[in-house]
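What follows is one structure encoded as structure tokens, with my remarks underneath.
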Amino acid sequence: MQTLRLDHGQPIHDQAPISRVLLSLGATAAFVAVMALQDINDKSQKLDADMQQLQQPPRSSSLRLDAKENVGKRDEILAVKGVMAELALPWQPLFKTLESLSTPDIKLLAVEPNPKQHKVRITAESSDIGLMLEYVQKLARQPVLKDVFLLTHEHSEGSAMPIRFVVEAAWVQ
């Protein structure tokens, strides 16, 4: 009988070069994956630290305002809100109304809005009391104004427009 010789090890010449390439590609992919996970972990820790810092109250006293600064800031905010309210008023309809009523016998001197009370005060001059009263009546008939009142009027001598008057009206918005 013949002896049978078994060799369970794989011979060197049977290893294909593709297997080495695949092994190196797998090792590279594993290395890249580990580096990406480490980068994600670092970013996560940084975000956690930032979140905890934001949740804690500030420790520096430089951010706190003393009483005078607080009152000053509040007054400044109120002033800004007042200006914003004046800018938000519907100026265009009012100006169109006043322009439509313009006559050479009535000269407008001032238009003063009061946004808190939704009123407007109009100061004007006239050459005659009758023209003044007619102008007030025309204002009262305008749809953008209601509750039109003649507040004051003064008569002065020696002027082309001797009667100065003030009209107040509620501004319909």
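The values are calculated or read from the model by the stated rules, or taken from the named source; none is laboratory data. These figures come from a predicted structure and were not determined experimentally. So basically every Cβ, Gly included, is an ideal-geometry build from the backbone, and we count neighbours across all protein chains shown.
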- [ ] Only one of these is at pLDDT 85 or above, more than 27 Å from E112 (Cβ to Cβ) and among the acidic types (D, E): D14, D7, D50, D66. Name it.
- [x] D50
Task: Residue satisfying all of: in region 152-167; out of contact with any Phe, Trp or Tyr (no Cβ under 8 Å at 6 or more places or on another chain) and in a strand (DSSP E or B); surrounded by the most Cβ atoms within 10 Å (Cβ to Cβ) among these - done: F165
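So which helices (runs of 4 or more DSSP H) stay within region 35-150 end to end and still have 2 or more residues that are in the same structural domain as V167 (by TED's automatic domain parsing), out of contact with any helix residue (DSSP H, G or I) (no Cβ under 8 Å at 6 or more places or on another chain) and surrounded by 11 or more Cβ atoms within 10 Å (Cβ to Cβ)? Lay out the reasoning, then the answer.
On the way: elements: 67-88, 91-100, 129-140.
So the answer is 91-100, 129-140.
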